[in-house]
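Trainee: Attaching a single structure in structure tokens format; questions to follow.
Readers should treat all values here as calculations from the given coordinates under stated rules, not as data from a laboratory. Given the structure is predicted, the values throughout are model-derived calculations rather than measurements. Note that we place each Cβ from the backbone using ideal geometry, even for glycine, and neighbour counts take in every protein chain shown.
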């Protein structure tokens, strides 16, 4: 058992985030499914915590890899989303979990900037950079539960600015330098940043948001959603890598963004019906992808294959 914990990949946190986000999404429609999603996310959180506590040296080595260190942003994001679910049971525990997630993400930004940005090399740029710098917008997407809309508004502006800059930088890198095979699934993360900013905007600017802004962000989110989905469908049947976690949370998050956007646009009588048509299909796609990736992770973690800490290559 100890050896299996040793080989728990840090990108598993992306699957944890997917379940936490899906739980929040399903809470209003099914308490049973909400509970199942939250419990699964907590189970994955325990696995990751055991990995960090029992094998700190290996975890530190993983964090020396730009792709994996970027993917670790989903851990703190997952804590913030889990905080919302836990708050339904105990508000103080949920707020504490949310606050820890926000603090950890700020520390990640500081570490990542010092380690990879100040020592910049274009070949170390991956879509996981979105998770570091735009990922903190998860606090805006979830903070309204704890009355943190003011902080959320600041983070939405930060997230949109980082999205614009990183979209250019990451696209240039991917166009110029081929991405290693084990990190190609991370291309699906293109679907995440605009949708996350949109959810944060809708949750933090309630009553003051502009309908044109909602529709523009919703349109852009779906452009990147289609691109990310094409990448996911192209790669998900191929050899498994821990980076498959990229096929989970971006699509759950887009479904949430679409549902919130449909409600906002519907109130203004603009585009609401079109967005509403997309809500259920996008939710279904996100759930199916999450289930497939979760099953493949279970097979990977309970099998005899192992993953290299430095490269993420299965050996």
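Trainee: Mind checking which of 78, 18, 272 has the largest fluctuation in a GNM of the chain, springs on alpha carbons under 10 Å?
Mentor: Result: 272 has the largest fluctuation of those listed.
Trainee: With springs only between Cα atoms under 10 Å, which of 149, 276, 239 fluctuates most in a Gaussian network model of the chain?
Mentor: Highest fluctuation among the options: 239.
Trainee: Return the calculated 222 nm mean residue ellipticity for the chain, to the nearest 500 deg cm²/dmol, obtained by summing -39500 (n - 2.57) across DSSP H runs with n ≥ 4 and dividing by the residue count.
Mentor: After summing the helix terms and dividing by residue count, I get -23000 deg cm²/dmol.
Trainee: Can you give me the three principal axis dimensions of the chain from its C-alpha atoms, in Å, biggest first?
Mentor: Sorted largest first, the three principal extents are 54, 46, 36 Å.
Trainee: Here's a follow-up. Considering only C-alpha atoms, what is the centroid distance from the range 189-206 to the range 5-26, in Å?
Mentor: The distance from the Cα centre of the range 189-206 to that of the range 5-26 comes to 19 Å.
Trainee: OK, next. For the chain, take the longest principal axis of its alpha carbons; what is the angle in degrees between that and the long axis of helix 91-112, to the nearest 10 within 0 to 90?
Mentor: For helix 91-112, the angle is close to 60 degrees.
Trainee: Which of 95, 161, 140 ends up with the largest GNM mean-square fluctuation for the chain, with Cα atoms connected below 10 Å?
Mentor: In this elastic network of the chain, the residue with the biggest mean-square fluctuation among 95, 161, 140 is 161.
Trainee: Now for a different question. If you average the C-alpha positions of the range 272-293 and of the range 43-104 separately, how far apart do those two centres end up, in angstrom?
Mentor: 26
Trainee: Got a sec? How would 248, 213 order by Cβ neighbour count within 10 Å, fewest to most?
Mentor: 213, 248
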